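Please read the structure below before turning to the comments.
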Amino acid sequence: MTRSAERTTSAVLQVGPLKPSLQDTLRTSYDALVLPTDPEQSAAFLAEHGERVTVAVTSGGAAFDAALMARLPHLEAIVNFGVGYDTIDVAAAAQRGITVSNTPDVLTDSVADTAVGLMIDTLRRFSAADRFVREGSWPKGSYPLTRDVSNTAVGIVGMGRIGRAIAARLTAFGCRISYHNRKPVPDSDFTYVESPQELAGGVDVLVVAAAGGPGTRGLVDAKTIAALGPEGYLINISRGSVVDEDALVDALVNGRLAGAGLDVFANEPHVPQALLGLDNVVLLPHVSSATVQTRAAMEELTLRNLESFLATGDLVTPIAMPSR
């Protein structure tokens, strides 16, 4: 049977919430099924429809684990709306021969912009200064002095596409850049450091841009946070799992870290209560790629991956899968 013929009998499955316009396209153009969120309804749904599903579309808003894959015996591809795919059990997918795609490149600039914006806001405390004005405190005295952004020493954990884009932007600020990566980046103009802890000990600001997933869980640990010290700042635009959140909160609450700018958290959308009252911490609701232009480009690439798989069996931007 040809791929085009298979399309009439197989099904596309939406797993978890997606951008509304993407959901509409999946429904109107692909007659996509939608996996219920209620466990009992989900089990009944999969018993009825699981055999038909050959491709699923998902995002970081839902877990795609081995148990779900087992209920989809003919699943061949998972199309992910987003560059991060840590909510997908990639190892289980590889064992089953299921390919996975993501949306690289199209969100690099917006995420890098967010990292730099967070760094500026955290060091200069602009959000806190805005609150200072709004609450009527300015007539009572000047706002406290803050910290320069230009000419600081910055360490970047993760020198992939986004890490390199952050480094390029900060170079324009005269920042001295060093980095830690799984391995040195060939022909890089920046200084490679062997461990996150060593990197943190030599910089003013540590920017976390590593991919999420089991391999980077807790990569920025309590020792790394301690190495930054009471004059250091941490910026995280990667995944909450990459940083030991308990150690980070403890350091911020007890003055062992100067501040933090956080777009991601370990248990989203829940943010540690202890951070909410700290003026030296900037908290964002995971919005690093949340611009009209970037999300439109992500949607377009997601649909290209889906259409390519349905037409040819190949994905446009497949991720590198672990060996089976």
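The values are calculated or read from the model by the stated rules, or taken from the named source; none is laboratory data. If you're wondering where the values come from, they're calculated on a predicted model, not measured in any experiment. Every residue, glycine among them, receives a Cβ derived from its backbone with ideal geometry; neighbour counts consider all protein chains shown.
Numbers at a glance
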item	result
Residue within the range 179-202 that is of a type in the set (D, E, K, R), touching a Lys or Arg at 6+ places or on another chain (Cβ under 9 Å) and modelled with pLDDT of 95 or more present	no
Helices (runs of 4 or more DSSP H) enclosed by the range 39-157 - at least 2 residues per element that are in contact (Cβ under 8 Å) with a residue 60 or more places away in the chain and of a type in the set (S, T, Y)	108-124
Residue that is farthest from the chain's Cα centre (by Cα) [pool: residues in the range 164-194 that are aliphatic (A, V, I, L, M) and assigned to a loop (DSSP other than H, G, I, E, B)]	A172
Test set (1) surrounded by fewer than 19 Cβ atoms within 10 Å (Cβ to Cβ); (2) under 30 Å from T54 (Cβ atoms) - A226 fails condition number	(2)
For P285: the one exception among (1) part of a loop (DSSP other than H, G, I, E, B); (2) farther than 28 Å from L145 by Cα	(2)
Criterion: of a type in the set (A, V, I, L, M, F, W, C) and surrounded by fewer than 13 Cβ atoms within 10 Å (Cβ to Cβ) - qualifying residue of A91, A63, A44	A44
Complete set of residues in the range 241-263 that are within 16 Å of the chain's Cα centre (by Cα) and surrounded by fewer than 22 Cβ atoms within 10 Å (Cβ to Cβ)	S241, D244, E245
Qualifying residue in the range 114-128 (condition: more than 18 Å from V281 (Cβ to Cβ), surrounded by 22 or more Cβ atoms within 10 Å (Cβ to Cβ), outside the structural domain of V15 (by TED's automatic domain parsing) and of a type outside the set (F, W, Y))	no
Residue match in the range 158-168 (condition: on the phi > 0 side of the Ramachandran plot and in contact with a strand residue (DSSP E or B) (Cβ under 9 Å, 6 or more places away or on another chain))	yes
Odd one out for L257 among (1) within 17 Å of S127 (Cβ to Cβ); (2) touching a strand residue (DSSP E or B) at 6+ places or on another chain (Cβ under 7 Å); (3) of a type outside the set (F, W, Y)	(1)
